[in-house]
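To start, the structure itself, in structure tokens.
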Ligand code: UDP
Ligand code: MG
């Protein structure tokens, strides 16, 4: 059975820098996601380290955290039936060169690190990630 879910999406610095926020938001809305909260912020590196803690043992962790804190981002709560998996489908593969046609990363991603969007990968992580940005 499908359930209404919430997931966290982030428009990453590379896409904000290129002025793609509204274009990407329209893609979510056209696909039936409601953007129920949004916040444009720049986080510092220690906050990025906390956000990406699940990746702390990975070789790309340091660069990833530097990158996410390098400029403004747009954090959003998206709501839809099966929002977590539907958003992952719409985002496409982590590496834009592997992302299917019609996905956000295929269209806008520059490289595996500058891949334009983040999306929670499970319902449990979505809750944690939404709290991270929208606990107040
Ligand atoms: N990443 C990277 N190099 C890699 C793998 C991942 O720079 O070899 C970055 C990439 O920006 C990715 C983020 O780390 O979006 C988190 O990785 P994850 O495997 O969770 O990918 P995602 O869930 O974002 O598709
Ligand atoms: Mg991930």
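What follows is calculated from the coordinates using simple rules that are stated; it is not laboratory data. Since the structure is predicted, the reported quantities are computational estimates derived from the model, not experimental observations. Reconstructed Cβ throughout: ideal geometry from the backbone, glycine too, with neighbour counts over all protein chains shown.
Key figures
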{"read-out": "Kirkwood Rh in Å, taken over region 59-120 so that all alpha-carbon pairs contribute", "value": "12.4 Å"}
{"read-out": "Computed over region 30-136, the ratio Rg/Rh where both radii use C-alpha atoms and Rh is Kirkwood", "value": "0.94"}
{"read-out": "Mean ellipticity per residue at 222 nm, deg cm²/dmol - from DSSP H runs of n ≥ 4 across the chain, formula -39500 (n - 2.57)", "value": "-11000 deg cm²/dmol"}
{"read-out": "Centre separation in Å (Cα based) which lies between region 11-35 and region 42-73", "value": "21 Å"}
{"read-out": "Three-way shape label, region 1-75, alpha-carbon gyration tensor, a/c 1.5", "value": "oblate"}
{"read-out": "Over the chain, relative contact order from alpha-carbon pairs under 8 Å, at least 6 apart, %", "value": "37 percent"}
{"read-out": "Relative packing of 76-89, 58-71, 12-25, which averages over residues the other C-beta atoms within 10 Å, highest first", "value": "76-89, 12-25, 58-71"}
{"read-out": "Global form of region 40-82, assessed from the alpha-carbon gyration tensor, a/c cut-off 1.5", "value": "oblate"}
